[in-house]
Amino acid sequence: MGLREAQSAVGSATLALTTSQDGDTTASVAETMVDEAGTRMTAASKQATAFKPTDQRTAAQMEAVTQALGDADTAVRHAGEALSGYPGAPSVRSALDELKQSSSDLERLAKKLEPPR
Amino acid sequence: MADLPKHDSPGQVLDLNLHILDRQVLDNHDVPIGHVDNVEVDGIEPGRELDPDAPPVVTSLVLNSGLWPRMFGGRPPRSRMHLVPWSAVSAIGTAIELGQPGSAFDVTWSEHWIRDQVIARIPGGRHVPE
Amino acid sequence: MKRYFAVALGILTAIGGFVDIGDLVTNAVVGSRFGMSLAWAVVVGVVGICLFAQMSGRVAAISGRATFEIIRERLGPRAGTANLVASLLITIMTLTAEVGGVALALQLASGVQPLLWIPVAAFAVWLVIWRVKFSIMENVAGVLGLSLVVFGVALFLLGPDWGELKDQALQQTSHPRETPLTYWYYAIALFGAAMTPYEVFFFSSGGVEERWTEKDLVTSRANVLVGFPLGGLLSLAIAGCAATVLLPRGIDVDALSQTVLPVAMGAGQLGLAIVILGVVAATFGAALETGLSAGYALAQFNGWSWGKFRRPAQAARFHLTIIICLVVAVLVLLTGIDPILVTEYSVVFSAVALPLTYLPILVVANDPQYVGEHVNGRLLNAVSSVYLVVILVAAVAAIPLMILTKAGA
């Protein structure tokens, strides 16, 4: 349903931000990575909206997923803005916090939805 | 290859299918000019037994123009086939060598046409790579 | 002395030339999802390409006949034509992936959109094929590609838990996020990435280009038997970097930037610069090889005159074929398709097409008319036959697995 893709994209954006802050990577590589994570998030959201729930329970779950994906999408977009650093953009620190929050939300959700073995 | 029939005449014993068909053909400067798509054989008439005293003879090689009929049957008009007379063959090894330059055979027309119309007109087309 | 130099240079270019976009992407994807547990598939692929390249190199050196002349001769018109069509399609697909890879790597270096780099990259590839001598082309691309060794350096600098990596490789730890089907799908992808058919067309035609004779057999064998396994080690280092950095963070590789990021984390911006140089060289070199291979395949099948040792005007149809293939690759890429996706499909289809080229070479490597006294020995034939089975199984299983796993999703 796009959760895994979203987790991967958020992780990728986080790594891009931290490495660029540590000076390990160049701006062009970090920006490219965040861009790509953004594209991936769009694809993940599309996948989630294409999913048609059949009963009440899955409908409720879907709503939670869509919500989390939306938050992740925003977080990745903020990461891109933080990297470009134009006036009014969020700071790298706050973008990182947002990504971290989104990442743990996604993880919690993924655990909940995982079918019991 | 072990069960090729014994032959009295001197020279090489060749299996038409194995050694001639689909072989690379080179001109006298070792330039590839085509593949043997088919062969023309004289001395076979439908409905008549083969005469052991006058066996069929390969008269020409058909280069780069006989693949379609070989796969799907039929027979192209003779004017469309690129024939090389058997007499032009000078040696047969892992490739078939001809004793004349490639330009002597009409199978190379498309090479010449593309060379003259396209490749030679691009800068550097006539120079050896450095 | 000159001879040792030739051997050393050959080995170096074989290492640098071994890794192309297929290896870069597939190894990183697998490392990020399965850790080192598919390392065995790389080893199987490397042994396979050694066998295959060694046989076709020997045939080319002694008979002067390159792979596709032999395919035509041995398979006849029908099977031969089918083989040509399949091989050409896969080679053009690989060419597309390589040109796209050059563009992606240049994007990482410059920040400029890959769509703008695609025509530039393709034109540069054509220019080199058109004007640069074979040996110079081969050696420069190979030696620059060697800078990918920085993947190995970075892996050491990252200081991974070596025991953990070893356990992943040897004890097949489970992957909670993956199914057995995706595991086998990626095993085939790795196999196909290591044993890409174009490598064999290129290797054997290159032997003819450089006018190998019986005397060069030792050199060619050393290039293959030393160079390719070292190239395989490089592949494992790529997977190791991804397994160390990306696997624990739940990041699935789907872009070139993620492939090189672990190098930046291990070796800093200097390492990053070196690895981007290496990726450009490796993909550019492979684009040269695949472009030439498409020309070799079509020209050899039809018996046209071919080769870079001739002036372009003396191999007109060969050069026109290459130009057309490059144009096709550019047009495909300009639709905006993701080159990484093209790469992932191309390595799997490579595995599908492999038996088509492997079998004729195996037959001819046993034919004294072609290789004289240098026919396959008994041990080599035994190993080659085992590989024939492996290759057939992989080819048959690839498409069903692709459908069942939705291409590894």
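All of the numbers you see were taken from the coordinates with simple rules; none came from a lab. What you see is a predicted model, and the numbers here were worked out from it, not measured in a lab. Cβ atoms come from the backbone with ideal geometry, glycine included; neighbour counts cover every protein chain shown.
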Pairwise centroid distance, computed over Cα atoms, of the range B:90-130 with the range A:1-56, Å: 54
Cα pair distances of chain C binned at 10 Å [whole percent]: 5, 24, 35, 25, 9, 1
Long-range amide H partners of B:Ser90 with built H, under 5 Å: B:Glu97, B:Leu98, B:Gly99
Ranking of C:Tyr198, C:Tyr345, C:Tyr387 by count of other Cβ atoms within 10 Å, fewest first: C:Tyr345, C:Tyr387, C:Tyr198
Choice from A:Ala27, A:Ala50, A:Ala89 with maximal GNM fluctuation in chain A (Cα, 10 Å cutoff): A:Ala50
Chain B: radius of gyration and largest Cα-Cα distance (Dmax), Å: 17.9, 61
DSSP-defined antiparallel bridges as percent of all bridges, the protein assembly as shown, nearest 5: 90
Positive-end residue of C:Leu341, C:Ala313, C:Ala353, charge dipole of the range C:299-397 with Cβ unit charges: C:Ala313
Size of electric dipole in chain C: Cβ of Lys, Arg +1 and of Asp, Glu -1, about Cα centre, debye, nearest 20: 860
Where only alpha carbons of the range A:2-117 are counted, the Rg and the Dmax (Å): 15.0, 50
Centre separation in Å (Cα based) which lies between the range C:111-182 and the range C:364-400: 28
Span per principal axis, largest first, for the Cα atoms of the range C:81-223 (Å): 51, 45, 39
Cα-centre dipole for the protein assembly as shown with unit charges at Cβ (Lys and Arg positive, Asp and Glu negative), debye to 20: 240
Chain C, relative contact order [Cα under 8 Å, separation at least 6], %: 37
Residue order, fewest to most beta carbons within 10 Å, for C:Ile322, B:Ile20, C:Ile118: B:Ile20, C:Ile118, C:Ile322
Per-residue Cβ neighbour rank within 10 angstrom, fewest leading, A:Leu113, C:Leu190: A:Leu113, C:Leu190
Cα gyration tensor, the range C:1-129 - rounded (a/c under 1.5), prolate or oblate: rounded
Reciprocal of mean inverse Cα separation for the range A:1-44 (Kirkwood radius, Å): 10.4
Qualifying lysines (Cα of each under 26 Å from Cα of C:Lys406; at least 8 residues distant if same chain): A:Lys46, A:Lys52, A:Lys111, A:Lys112
Interchain or long-range residues, amide H under 5 Å from C:His374's placed H: none
Surrounding net charge for C:Glu214, when Lys and Arg each add one and Asp and Glu each subtract one, Cβ distance under 15 Å: +3
Proximal aspartates and glutamates to C:Lys308, defined as alpha-carbon separation beneath 18 angstrom and excluding residues fewer than eight positions away on the same chain: B:Asp30, B:Glu111, B:Glu130, C:Glu69, C:Glu138, C:Glu199, C:Glu209, C:Glu210, C:Glu289
The protein assembly as shown - convex hull of the alpha-carbon atoms, volume per residue in Å³: 195
Selection from A:Met33, C:Thr81, C:Phe52 lying farthest towards where the dipole of the protein assembly as shown points positive, charges on Cβ: A:Met33
Positive-end residue, chain A charge dipole about Cα centroid, Cβ charges, pick of A:Thr54, A:Leu96, A:Ser84: A:Thr54
